[in-house]
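Chemist: Following this message is one structure expressed as structure tokens.
The values are calculated or read from the model by the stated rules, or taken from the named source; none is laboratory data. Here the structure is a predicted model, which is why all the values come from computation and not from measurement. Using ideal geometry, Cβ is built from the backbone for each residue, glycine included, and neighbour counts are taken over all protein chains shown.
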Amino acid sequence: MRHVVLFDGVCNFCNATINFVIDHDRANRFVFAPLQSEAGRQLLQTNGLDAAKLDSVVLLKNGVVHQKSDAALQIVRELDGPWSLLYVFRILPRFLRNFAYDILARNRYRWFGRRDSCRMPTPELRQRFLA
């Protein structure tokens with residue numbers, strides 16, 4: 001079963017992170033959709049999430065919605081190579097992990113920049129993105 005990662009499609013840091021996940025997910029466990037896309041908005045609505053109030057990565061995995069640091073840790077847990085070892089940070093209390101996550105989320109455009117539009121996947125990667 002594939003897991004769905006919803007991400008901010010106009011955020012440079014978020015796009016770089018998705019590229020990283022693609023490069024380290026040789027088993028193709030993940031598919032992706034920008035939060036701003038029709039597929040992304042539909043999945044958010046189906047799962048009771050309001051896109052207007054969301055500044056977090058969202059992972060839909062086995063019928064469970066993960067957000068913020070929980071989503072990030074669940075994603076790295078599935079990656080190939082040593083990246084799965086980062087899951088050890090799960091031992092930190094969620095409020096501490098999400099505090100750090102929220103600082104990054106609030107400043108992501110200022111620190112990393114913003115695009116005018118969502119990323120367009122290459123033809124080879126198009127199957128990994130929801131329309």
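Chemist: Tell me yes or no: at least one residue of segment 75-92 is crowded, with 18+ Cβ neighbours inside 10 Å, in a helix (DSSP H, G or I) and not aliphatic (A, V, I, L, M).
Modeler: Within segment 75-92, none of the residues are crowded, with 18+ Cβ neighbours inside 10 Å, in a helix (DSSP H, G or I) and not aliphatic (A, V, I, L, M).
Chemist: Now a separate question. Six or more apart or on different chains, Cβ atoms under 7 Å: show the pairs whose first residue is in segment 100-117 and modelled with pLDDT of 90 or more and whose second is surrounded by fewer than 11 Cβ atoms within 10 Å (Cβ to Cβ).
Modeler: Once the first residue is modelled with pLDDT of 90 or more and sits in segment 100-117, no partner that is surrounded by fewer than 11 Cβ atoms within 10 Å (Cβ to Cβ) comes close enough.
Chemist: Filter segment 1-27 for residues that are under 16 Å from L43 (Cα atoms) and either touching a Ser or Thr at 6+ places or on another chain (Cβ under 6 Å) or free of Cβ contacts under 8 Å to residues at least 40 places away in the same chain (or both) and give the result.
Modeler: Across segment 1-27, the qualifying residue is only R2.
Chemist: Going by the conditions given, is Q36 out of contact with any Phe, Trp or Tyr (no Cβ under 9 Å at 6 or more places or on another chain) and surrounded by fewer than 15 Cβ atoms within 10 Å (Cβ to Cβ)?
Modeler: Spelling it out, it is not the case that Q36 is out of contact with any Phe, Trp or Tyr (no Cβ under 9 Å at 6 or more places or on another chain) and surrounded by fewer than 15 Cβ atoms within 10 Å (Cβ to Cβ).
Chemist: Could you pull out the residue among A27, A100, A72 that is among the aliphatic types (A, V, I, L, M) and closer than 18 Å to F129 by Cβ?
Modeler: Among A27, A100, A72, only A27 is among the aliphatic types (A, V, I, L, M) and closer than 18 Å to F129 by Cβ.
Chemist: Something else now. What about S56, is it buried (at least 17 other Cβ atoms within 10 Å of the Cβ), touching a helix residue (DSSP H, G or I) at 6+ places or on another chain (Cβ under 7 Å) and modelled with pLDDT under 90?
Modeler: Criteria met by S56.
Chemist: Is at least one residue of segment 61-68 part of a loop (DSSP other than H, G, I, E, B) and at pLDDT 85 or above?
Modeler: yes
Chemist: When you check L49 against the structure, is it out of contact with any His (no Cβ under 7 Å at 6 or more places or on another chain), at pLDDT below 95, part of a helix (DSSP H, G or I) and not acidic (D, E), yes or no?
Modeler: no
Chemist: Cβ-Cβ below 9 Å, separation at least six or inter-chain, first residue in segment 41-52 and within 14 Å of V4 (Cα to Cα), second loosely packed, with under 14 Cβ neighbours inside 10 Å and at pLDDT below 90: which pairs?
Modeler: Qualifying pairs under 9 Å: L44/D50.
Chemist: Quick one: F30 ticks every box in (1) of a type in the set (A, V, I, L, M, F, W, C); (2) farther than 19 Å from E78 by Cβ; (3) in contact with a Lys or Arg (Cβ under 8 Å, 6 or more places away or on another chain); (4) in contact (Cβ under 8 Å) with a residue 40 or more places away in the chain except a single one, so which number is it?
Modeler: Condition not satisfied by F30: (2).
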